Amino acid sequence: MNQVSASKIAKAKNLYFKTTNTARGTKLNLSSLGGNYVIDIDGAVYEISEANGESAAITVVGGIDTFVNEKQYRPYLDYLTQRQKVVIYSILKELAQNTIKAELSAGDNTMLDNLIKSVYRNYCG
């Protein structure tokens, strides 16, 4: 598993994001997460497998913000660390410089889907 830069990911024209839907602090085996790239909690990007053609699948570790010892249950909040956001922004900035016709998706995660699409549109101008 090699660490890669945002520019390598941005070579793919179509990016598909997903989160692991795990709480903060959960230890995971990154190589078992699947996809082409993994963005860890600390913002490090690892290549799990080579991206084929113009599409790449990116897994973001975490995604759930939980509060310990709450007295009343409430639904979890979507969560990304600042370092993960910075990496996602740099990927999208590189992608906007390469093409203005990229296809972006984050599946069922509406927060992440709205984030990547709006940031990409802003970088495209």
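Within the stretch 73-95, the only residue that satisfies the criterion of being over 17 Å from residue 58 (Cα atoms) and of a type in the set (A, V, I, L, M, F, W, C) is 77. For residues that are at pLDDT 90 or above and not in a strand (DSSP E or B), scanning just the stretch 1-11, find the one that is surrounded by the most Cβ atoms within 10 Å (Cβ to Cβ). Per the stated criteria, the residue is 9.
Restricting attention to the stretch 24-40, which residues are more than 23 Å from residue 11 (Cα to Cα) and not in a helix (DSSP H, G or I)? Show your work before the answer.
First, the residues of the stretch 24-40 that are more than 23 Å from residue 11 (Cα to Cα): 24-29, 32.
Across the stretch 24-40, the qualifying residues are 24, 25, 26, 27, 28, 29.
What is the one condition in (1) more than 20 Å from residue 2 (Cβ to Cβ); (2) free of Cβ contacts under 8 Å to residues at least 12 places away in the same chain that residue 29 does not satisfy? With (1) more than 20 Å from residue 2 (Cβ to Cβ); (2) free of Cβ contacts under 8 Å to residues at least 12 places away in the same chain applied to residue 29, the lone miss is (1).
Taking the criterion of being farther than 29 Å from residue 124 by Cα and outside any loop (DSSP other than H, G, I, E, B), would at least one residue in the stretch 66-75 satisfy it? No; the residues of the stretch 66-75 include none that is farther than 29 Å from residue 124 by Cα and outside any loop (DSSP other than H, G, I, E, B).
Among the candidates 61, 38, single out the residue that is buried (at least 17 other Cβ atoms within 10 Å of the Cβ), within 11 Å of the chain's Cα centre (by Cα) and farther than 16 Å from residue 109 by Cα. Write out each step before concluding.
Values: 61 fails: farther than 16 Å from residue 109 by Cα.
Result of the check over 61, 38: 38.
Only one entry in 100, 88 is of a type in the set (A, V, I, L, M), modelled with pLDDT of 90 or more and in a loop (DSSP other than H, G, I, E, B), namely 100.
What number of residues within the stretch 12-23 are assigned to a strand (DSSP E or B) and out of contact with any Gly (no Cβ under 8 Å at 6 or more places or on another chain)? Explain how you work it out, then say what you get.
First pass over the stretch 12-23, keeping only residues assigned to a strand (DSSP E or B): 14-19, 22-23.
Right, trim to out of contact with any Gly (no Cβ under 8 Å at 6 or more places or on another chain) and you get 14-15.
The number of residues fulfilling the criteria is 2.
Collect the residues in the stretch 103-112 that are surrounded by fewer than 13 Cβ atoms within 10 Å (Cβ to Cβ), in a loop (DSSP other than H, G, I, E, B) and not small (Gly, Ala, Ser), keeping them in residue-number order. The answer is 108, and nothing else.
Return a yes/no flag: does the stretch 53-61 have any residue that is charged (D, E, K, R), outside any helix (DSSP H, G or I) and touching a helix residue (DSSP H, G or I) at 6+ places or on another chain (Cβ under 9 Å).
Kept after step one, since they are charged (D, E, K, R), are these residues of the stretch 53-61: 54.
Subsequent filtering for residues that are outside any helix (DSSP H, G or I) retains 54.
Next, only the ones that are touching a helix residue (DSSP H, G or I) at 6+ places or on another chain (Cβ under 9 Å) stay: none.
No, the stretch 53-61 contains no residue that is charged (D, E, K, R), outside any helix (DSSP H, G or I) and touching a helix residue (DSSP H, G or I) at 6+ places or on another chain (Cβ under 9 Å).
The values are calculated or read from the model by the stated rules, or taken from the named source; none is laboratory data. Note that the structure is a prediction, hence the values are computed from the model and not measured. Methodologically, a virtual Cβ is constructed for each residue, glycine included, from the backbone with ideal geometry; neighbour enumeration extends over all protein chains shown.
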